[in-house]
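Taken together, the values in this text are just the output of simple stated rules run on the coordinates, not laboratory data. Fair warning: this is a prediction, and the values are worked out from it, not measured in the lab. Using ideal geometry, Cβ is built from the backbone for each residue, glycine included, and neighbour counts are taken over all protein chains shown.
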């Protein structure tokens, strides 16, 4: 599975300087790809604020979300999404406050359950990217 992907794990928003999280995310992506190594350049591509377009990209995103329990058995949990971000962005309270607004908004807009988790991940990202841009975060 190629990581020439143009989308973001919203749990990784603004964590360019959080090396520990980047290492953890790199490991998660590697696991989701069946063990394929992930370069720093591929990780940088992965955390850009773009929407997954192909089924491969959507399913990779869903796998990452499942790892963080943001998606569990087809259910989206915005509370857990915020919990992940709260840990990652603890040193950036202003950004965290804006991200919370985005997550709260998307928690209302995104279906809470979809049988196809790949499509659910795509729905989450479409909402996140739209409102991040509207708030000047992307």
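Below is a table of values for the structure above.
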read-out	value
Segment 10-134: relative contact order as a whole-number percent, Cα under 8 Å and 6+ apart	30
Stokes-Einstein translational diffusion, segment 10-134 - Kirkwood Rh over all Cα pairs, 1.306 mPa s, 10 °C, in µm²/s	109
Cβ-derived FRET efficiency at R0 25 Å, residue 134 paired with residue 94, nearest 0.05	0.90
Centroid-to-centroid separation of segment 99-114 and segment 61-93 [C-alpha atoms, Å]	12
